[in-house]
1. One residue is enough: does region 502-522 have a residue meeting the conditions closer than 24 Å to residue 607 by Cβ and touching a residue at least 12 places away in the same chain (Cβ under 8 Å)?
2. Does region 439-454 contain any residue that is outside any strand (DSSP E or B), within 26 Å of residue 115 (Cβ to Cβ) and modelled with pLDDT under 95?
3. Among the residues of region 277-295, is any at pLDDT below 95, more than 25 Å from residue 391 (Cβ to Cβ) and in a strand (DSSP E or B)?
4. Hey, can you tell me all the residues within region 397-423 that are part of a loop (DSSP other than H, G, I, E, B), free of Cβ contacts under 8 Å to residues at least 60 places away in the same chain and either under 21 Å from residue 375 (Cβ atoms) or touching a strand residue (DSSP E or B) at 6+ places or on another chain (Cβ under 7 Å) (or both)?
5. Could you check region 58-74 and list, in sequence order, the residues that are surrounded by 22 or more Cβ atoms within 10 Å (Cβ to Cβ) and more than 20 Å from residue 603 (Cβ to Cβ)?
6. Do we find that residue 306 is more than 25 Å from residue 384 (Cβ to Cβ) and touching a residue at least 60 places away in the same chain (Cβ under 8 Å) in this structure?
7. Look through region 371-396, keep the residues that are in contact (Cβ under 8 Å) with a residue 24 or more places away in the chain and farther than 23 Å from residue 329 by Cα, and return whichever of them is surrounded by the most Cβ atoms within 10 Å (Cβ to Cβ).
8. Please count how many residues of region 306-331 are assigned to a strand (DSSP E or B), surrounded by fewer than 19 Cβ atoms within 10 Å (Cβ to Cβ) and at pLDDT below 95.
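The values are calculated or read from the model by the stated rules, or taken from the named source; none is laboratory data. Remember, predicted model here, so these are calculated numbers, not experimental data. A quick note on method: Cβ atoms are made from the backbone with ideal geometry, for glycine too, and the neighbour counts reach across all protein chains shown.
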């Protein structure tokens, strides 16, 4: 009965869209939002020309989120939800359209970034101050990127060089003894560009757990403060060899210490980590219509965890090679190439298989003519453990008017089991070497209306995953998972105001027993707005999430919650700004994972040097 009621509520969303369209249609169209994105097609495309659902997080959005982590910032985007095991630096999960965090591919400057052992992205060690922008692609992208991109792709772009010389610096102090310093510069000229940034952060934190994690102080709860410290450096270089050819290199490395409570004992766990991304690329024009790029990259994720009784170590490395070609044709931009990925793991855990390779070939086309636009992609991935996987994507868009656009797509996906899902053995987790890859089918319909600087969108999606890999109560493939949902979003600017708001409604279930997938609220509302007046910019953001469950049996509820953040910024000189942020203004106690605390009311102040 409850499922039927929920689906009835979902069915009412198109009515809300029609009402909104009717209201906005009274306005006069002036301009259309025109960000350039690359993640949706793997080539530069205007955001209002791509058929996929893409959200862009700008540098301005990032600065408004001071005091937050990358995952907390993303959780305020349409179609995205988050669960976290405590505060800053603790393990967090991102759910795009109700899929698992292992269904989200994280790229840093085009390079896969995460743990090969857990098979999940690593959001928790990337400093916000080193990020220029983030693109969030929602929907299956295996036909573009292969395994992992079942629910979507998050691509982080670090700061890069440009014309001139542009130094920057910031210092932040705040709750839990937070002390953060960041500085660097970007620059360049016609032939050469460069950037360099460094960051250091210390925070004593708060207790990451509470008694609900186990009920007594002997089952993982420890009331001590679980701190986090980090040092990071990023750099880039671009050199124009000729008029048509350029070589570029990027690198990011973070290292630090994370404290948290053990899951089976009350003792503090100290984890020392080092993560890195390094990439070298060459691109240029082979002909006036044919552009080619070849690049090699490596990402690492290394961690050593120490308790009073044991030490464990995990080292993972992903070597990546890619050859990518773009050819302009009468049918549109033809995209084709080869990818190669080698995953290597080592440490105190003995894995029956410690490395594997995936060799891939892909081809696609995207274009438009008149009111019509289209995208088609296909890809084959040959995995040394699991054989071949073929995926595809078909998408079509139609402009009913210059401002109203309809779109639809169908895509398939796959996800190979992680090394931990196959081989990890511990007192609380046992891998299953018979685990098989997942396969998925996703269909979506959407509409967007652009009026002036306002953009209204509605998306309905259905995702069915076969052989869904679950860890509760044990690692296994369950027959099918079904995910249905709607996203209604509105963003834009009116005079001195800019805003972004969204409503997500989700029904994610195990089809075998009808039970809900864990840690996904049925409904989530986000809203943010800021107002600029004189030397001041004032703003607030709001997130409300409904109830969820923390276990596959749906016996452990997570209560719904709502939080409000506020921020202010004032120019105090030609190139200097003071920023203040208050996170969780109402000091709301809430949990996104049972037994793990989230930040209470926290205030931060930042002094920023940022010449125009």
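1. So in region 502-522, the residues closer than 24 Å to residue 607 by Cβ come out as none.
So far as region 502-522 goes, no, none of its residues is closer than 24 Å to residue 607 by Cβ and touching a residue at least 12 places away in the same chain (Cβ under 8 Å).
2. Within region 439-454 (the criterion being outside any strand (DSSP E or B), within 26 Å of residue 115 (Cβ to Cβ) and modelled with pLDDT under 95), the answer is no, since none of the residues qualifies.
3. no
4. Step one: filter region 397-423 for residues part of a loop (DSSP other than H, G, I, E, B), giving 400-403, 416-418.
Within this subset, residues satisfying the condition of being free of Cβ contacts under 8 Å to residues at least 60 places away in the same chain are 400-401.
Once the filter is applied, which keeps residues that are part of a loop (DSSP other than H, G, I, E, B), free of Cβ contacts under 8 Å to residues at least 60 places away in the same chain and either under 21 Å from residue 375 (Cβ atoms) or touching a strand residue (DSSP E or B) at 6+ places or on another chain (Cβ under 7 Å) (or both), region 397-423 yields only 400.
5. Hits for region 58-74 are 70, 71, 74.
6. So residue 306 does not fit the description; no.
7. Taking the candidates together, the pick is 391.
8. Total meeting the criteria: 5.
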